[in-house]
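Okay, so here's the structure we're looking at.
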């Protein structure tokens, strides 16, 4: 099957997210403006004002309400969308857990921004990872505007799959992606996307007291469905066990949807979970998420010219964490440098570092794994900075310097 | 835990209740138990009207028109005490659970 017809558009990451939501024919959007996500909601409200989408747009007074409104909409059977960043995501924190436990396939775009304080509007990943670390949301980190558009479309198909039914967070670097215009491809006919998603959201069916009912607040249900009742020591754990299962199922569903989407778009992002670059024979591999992967590939090319066997592995799917893929791609490396754009004082290392190391623990021979914190509060991460870190990794591989647990890249010591 | 409890594979997802609320025995939440004095009770049924948990039960006279006796569904009464509060003749006493009746 050849890919469907697409057109070129000059869009920044936020606009790409708005166009993806438009093409997914979302029923309800509830959002509250916060930099650097605001453009998503601005663009989408223009679509609504122009009558270009058939969607209920709810202006709310806070992010807590934004996600709560999406919870209500999704419980009623709607395809719901929201977007936020930083402190807005923190304010949603309580509702993140409620959305996932009620098994609502909401999709949320997050333009990653440092969390206050001090107040800072620029990129790091503390907001998404800090808020949703344990929230049972699927989490994608995108590298560019094209991937934002593609991933939001994939996200609905993954989230609404009856084997998953969990919300999905699609993250991309604030300003670096959210506000940078790129030439991207979008489907010429939005029907292609809607066919891909199987039309409007189809609500899952459950068996309740011997009758088949929609898992929604549909008043036509033969037996009424109650969302969000008290759930104590007798069944809470069983409901959580179901969430564990759904997250495990997501591995397979992400893989399937990534392949199905490649058929209509012609685009792939590695295997859907990780995107390797020149890792086949690499002795040194950098692990990273987000837009910095592009800068790293540039530095990798430069060092490969010099004969240094180095590569980069970009993690696209942070939840569920692709531990087996990391083990596969990193098993033959001598030294792995994991780059975290997260403030995580007090942990063994950054969240990506911790999970990377844990993913490698079962290998018979493990590479040395060291951690760099970089780019907090939008601190520019230049090719020169990355080169200095990569040179250190080379020196560790050669035994010239001792491995360390953690270093800080680009901070004035 | 009792063997009646189902596994995670047997229940609907999303924490949706799969049986009517009457099957949840909430009586063991009770700290105080309402006890009714039949001699004082006038069968006015104010307690039945106000009970938020439908836990006041009525035994009818054979003609089916007059209440013969008022009693409690202790499986569901949470011991809120509203019945004792509204009883116009003070026929209902709240007694600590586990104490003497």
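In terms of surrounding Cβ atoms within a 10 Å radius of their Cβ, A:231, A:301 rank from fewest to most as A:301, A:231. Angle, helix A:38-49 long axis vs. longest principal axis of chain A, Cα atoms, 0 to 90°, nearest 10? Its long axis makes an angle of about 30 degrees. For chain A, find the longest principal axis of its Cα atoms and tell me its angle to the long axis of helix A:351-360, 0 to 90°, nearest 10. That works out to roughly 80 degrees.
Against chain A, whose longest principal axis comes from its Cα atoms, helix A:236-265 is set at around 80 degrees. Find how many whole Å separate the alpha carbon centroid of region A:230-259 from the alpha carbon centroid of region B:6-33. If you average the Cα positions of each part, the centres end up 21 Å apart. Taking the fewest neighbouring Cβ atoms within 10 Å as the starting point, the ordered list for A:94, B:23, A:413 is A:413, B:23, A:94.
Region A:332-401 and region A:45-120 have Cα centres separated by 33 Å. Averaging the sequence gap over all C-alpha pairs within less than 8 Å and six or more residues apart, then dividing by the number of residues, gives chain A a relative contact order of 16 percent. Summed over qualifying helices (DSSP H, 4 residues or more, each -39500 (n - 2.57)) and divided by its residue number, chain A shows a 222 nm mean residue ellipticity of -12000 deg cm²/dmol. Each peptide in A:261-268, A:126-133 was scored by the mean count of other Cβ atoms within 10 Å over its residues; highest first, the order is A:126-133, A:261-268. Under 1.5 on a/c is rounded, so check that first for region A:220-278, then, if it is not, pick prolate when a/b is larger than b/c and oblate when it is not; a ≥ b ≥ c are the square roots of the alpha carbon gyration tensor eigenvalues. The shape class here is oblate. Summarising the strand pairing of the protein assembly as shown, around 40 percent of its internal DSSP beta bridges are antiparallel. When the Cα gyration tensor is reduced to axis lengths a ≥ b ≥ c, the ratio a/c is 1.5 or higher for the protein assembly as shown, and with a/b above b/c it is classed as prolate.
What does the C-alpha gyration tensor say about the overall shape of region A:274-409? Classify as rounded when a/c is under 1.5, otherwise prolate if a/b is larger than b/c, or oblate. Rounded is the answer for region A:274-409, as its axis ratio a/c remains below 1.5. Ranking of A:258, A:64 by neighbouring Cβ atoms within 10 Å, starting from the fewest: A:64, A:258.
Here, each number is a calculation from the coordinates, and none is a lab measurement. Since the structure is predicted, the reported quantities are computational estimates derived from the model, not experimental observations. Every residue, glycine as well, gets a Cβ built from its backbone with ideal geometry; the counts of neighbours run over all protein chains shown.
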